[in-house]
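Notes follow once the structure below has been shown.
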Amino acid sequence: MFLDKIALLLAIIGALNWGLIGTFSFDLVAFIFGDMSIVSRIVYALVGISGIWCITLLFRDTTAGNNNN
């Protein structure tokens, strides 16, 4: 599903940003879009929503309806 891939991509971007913050104290989103600007806040919100959406991936039955035999 397209939305799953977008959510996963945003969650990965968020994870990489947190890795940079934890390792180097460098916030890439704030560097690119400004410290708590409206755009950076939107990015943070989208990453958070994506993380919540990705939780649903853990509980889905991915074998049902999969006709790749």
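The values are calculated or read from the model by the stated rules, or taken from the named source; none is laboratory data. None of the values given here were measured: they were computed from a predicted structure. No Cβ is skipped: glycine too gets one built from the backbone with ideal geometry, and neighbour counts run over all protein chains shown.
Taken together, the residues in region 1-41 that are acidic (D, E) and on the phi > 0 side of the Ramachandran plot amount to 0. For N67, are the conditions met, namely being out of contact with any strand residue (DSSP E or B) (no Cβ under 7 Å at 6 or more places or on another chain) and either modelled with pLDDT under 95 or outside any helix (DSSP H, G or I) (or both)? Yes.
Of all the residues in region 19-39, those that are assigned to a helix (DSSP H, G or I) and surrounded by fewer than 13 Cβ atoms within 10 Å (Cβ to Cβ) number 8.
Taking region 40-53 as the range and being surrounded by 13 or more Cβ atoms within 10 Å (Cβ to Cβ) and β-branched (V, I, T) as the test, the residues that pass are V43, V47, I49.
Checking each residue in region 1-35 for being out of contact with any helix residue (DSSP H, G or I) (no Cβ under 7 Å at 6 or more places or on another chain) and aliphatic (A, V, I, L, M) picks out M1, L3, I6, L9, I12, A15, L16, I21, I32.
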